[in-house]
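Values in this text are rule-based calculations from the coordinates and carry no lab data. Everything numeric here is computed off the predicted structure, so don't read it as measured data. Cβ: placed from backbone, ideal geometry, glycine included. Neighbour counts: every protein chain shown.
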């Protein structure tokens, strides 16, 4: 469909795209990834024809239609309604509809031959209008708007009265209704809740055109794309498979390049030693000269230099009470609108709870009440003993002082004992050297997010309340945040539409819907599958019907008589009591060993380059690996609990 040749683009001397060659096929599903500022948006704008390139060509058939969704929606004509804006995607059909309405009025006002001509024209136009699906257009527009989370009652409100996030949804709906041959989507998931994301995935799965999407949503990329296009340091690389496949192949290619580079370095050293040793000898001069030419012709293996990576860890907080935060009988209204009427919520020490539900359900309201920054009309809020909280809000980036420098903003919030280390801390957040003197006003969204996260780390807290903490972070920064949170011992309650992030961090899912809260134990995938926790101590595949410990009536009878049990008999009694638990533990360890062997088989299969020549095989292997890894993670937790119980019983 589109042929890109020799594309070169730079800004202020910085090369974003260097010699890019790319053939985009009809029906392709491609994810565009790379660090913030690498040039993803620039490439999409060039493909859409909204920006030129310094060198190279972009060719596509004249009949091909291209739709582009920027990160922020553009303005619209004053007074246009949401529905009118979406229907404008098919302007020709809209014009037909307007002409049909005009003809209907004119036909009633004239007679004779003129009326007959109008009737003939009306019949032709109506037939064309019907064949193009004109009568179904409005229904389809409403269906798409509903799928993207725009309520029916908002279809006729002025577009200008909506928030930026809702305007972006409307712009996306307009593109989907137009159904171009190529969809270019720049961070389409930023303003969608999880239900809208699921709808969009289903819509795009059935979409007949090609789709190129720049996204930081790994879950979305894993479900939607068949190839990953990476832009980094001006280089463009295409990888087969979804995002997980891309990570594996990228790491494999890196290891292969490093091995080739080492081998080449040894060969170069050998040639240089030969040249140095025999250059001056007449009998060997020709051979030495031959090796000089060999070195000159040798194409050096390039090993990609790793970018500086965001790295940090949360300072471990003091231990808090068994209950971190609790709401009882919460009542919250916004004017006449009731959000909550008598709901309860408890986060115990060590809980990791994700709040999920549609936009507008009250997730952020609940989190702000938990943080103590939003008043409520009824009920109680109680923090546990020795609990200190940190709250990361969506508006935190806007709350940064644009007139301050990065150093001033962070140092101003730091306690006295931390201030000497602020520069080092900022270095970990990718603000080295003079970068700390940048004004907040000139920072990108990702840089502001890093400043806000850095400020949150200044004071250790054993209760973290996080509202969309991954917004504006690139994929690698999100992974670092996940690693830091996994190692952190605090209680965490958070909101996120990044399903990968939820799956990795949450151990409880609290669904917020219709003013009610419903808590589900387990990961987000288990919540979606309707998973319910098994009884305590039960392990899937492990027999729970082992006989209980023998009754101790004889022991009690002896004690009542004043007899003492011999030490070896007491030991045997404890062994009998421990036998069922140890049996479960043994079966669990055997199952873990089987699953680990299965995981090793999958990893070995993924190391075969032939797997990645078949996109379906590569995706199946990646999905199978994720399922086994998730099952193992749960079984490791169960093993820890069972082994702890065995140890406690043995000491009793």
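Full extension of the chain segment joining residue 600 with residue 14 gains 206.6 nm, where the gain is 0.36 nm per residue of separation less the Cα-Cα distance. The value of relative contact order for segment 76-178, using C-alpha pairs under 8 Å at least six residues apart, is 49 percent.
Distance from the alpha carbon centroid of segment 212-269 to that of segment 472-522 works out to 27 angstrom.
Beyond 16 Å, what share of the Cα-Cα pairs of segment 389-459 is found? Please give it as a whole percent.
Tail of P(r) above 16 Å: 39 percent of Cα pairs.
Computed from label points 7 Å out along Cα-Cβ, the spacing between residue 207 and residue 284 is 6.5 nm. Between residue 476 and residue 131, the C-beta separation translates, for a Förster distance of 51 Å, into a calculated FRET efficiency of about 0.50. Taking label positions 7 Å along the Cα-Cβ direction at both residue 593 and residue 579, the computed distance is 2.2 nm, reported to one decimal. Dividing the mean sequence gap of close Cα pairs (under 8 Å, 6+ apart) by how many residues segment 375-502 holds gives a relative contact order of 31 percent. Rounded to the nearest 0.05, the FRET efficiency derived from the C-beta distance between residue 109 and residue 157 at R0 = 41 Å is 0.75. Computed from the C-beta positions of residue 334 and residue 301, the FRET efficiency with R₀ = 60 Å rounds to 0.45.
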